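Below: the structure, in structure tokens.
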Amino acid sequence: MPVSPSSSAQAAREAVAKRLRALRVEAGLTIGELATACGWHHSKTSRIENAITAPSARDIRRWCTAVAAPRQAEDLIVQSVHAETMYREWRDQTRRGLAELQNGRTGLYQSTDLFRIYSSTLVPGLLQTEGYAAAVLRIAAREGLAVDDSAEAARARVDRSRILHEGGRRFVFVVEETVLHHRLGDTDAMAAQLGHLLSAGALPAVSLGIIPMAAADRIQWPRETFHLFDEALVSVELVSAQVNVTQPSEVTQYARTFDQLRSMAVYGSDARELILRAIATLH
């Protein structure tokens, strides 16, 4: 089953909504009747059932009382709270600047033995040069952040990439070939970045696969960028939020998708040839 961009948070929200709707239908109540019993406008019922509005704990208790299923309230409340906390708003994460965000994941990186990273848009952070990272983070800093510390954040990101040389860990990267052609920074910065991929891909702990644009018979279309940290966590980057997936079945689903994407990639000399072609297009 394909992994959707919001498979973690939105699917969790929709699961709560479906359970609430099923309880209403089983009780034989219309949307309007449920709203009257709960003491709110019928549009609120519709928004909750369509996963547009997240119900509060009080809303769920009223709902379950109205459908004569009060014992299900606490379980639904826990499920709803879990769904909402899966979204971490970028504004909250970056309140103290992008550099703080980079440094905030140090503990997670140090505790991970196997990194599996897929990107359809950018060179993964652990493989970025300072010039490329600065260009990427300058764009992020424009998204309504109070502080533009993109240069400092770029240095922090590059410092974090030293983990590639520490030993005892494995890093498996899979990127779409289009990543090599998305211009971030000036020509010199892009050339340095592509050159760095040639050397980083040769590191003993690193596997770098590139899915060619001309790949035939794809078994997965390009996906959202995601990071797998061992078997414990998947981090998915969306426009408005960073979604952290910890549900074992979902982590397994992402791992399966990663393996499928990895099977379409080329490695070694074939991957180097794609990078060299991208470098040639810069001039």
Given unit charges at Cβ for Lys, Arg (+) and Asp, Glu (-), the dipole magnitude of region 180-283 about its Cα centre in debye, nearest 20, is 220 debye
Heavy-atom accessible area per residue of region 186-234, all protein chains kept, 1.4 Å probe, expressed in Å², is 45 Å²
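What net charge do the residues around VAL234 carry, taking every other residue with its C-beta under 10 Å from that of VAL234, with Lys and Arg at +1 and Asp and Glu at -1?
Residues near VAL234 contribute -1 overall.
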Under a 1.4 Å probe, counting only protein heavy atoms, ILE48 has an accessible area in Å², nearest 10, of 0 Å²
Whole-percent carbon and sulfur contribution to the accessible surface of region 205-283 (1.4 Å, no ligands, DNA or RNA) stands at 55 percent
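The values are calculated or read from the model by the stated rules, or taken from the named source; none is laboratory data. Bear in mind that the values here come from a model prediction, so they are computed numbers and not experimental data. Quick reminder, even Gly has a Cβ in these numbers, built from the backbone with ideal geometry, and neighbours come from all protein chains shown. All accessible areas refer to the heavy atoms of the entire protein, side chains included, with ligands and DNA or RNA removed. Shrake-Rupley method; radii C 1.70, N 1.55, O 1.52, S 1.80 Å.
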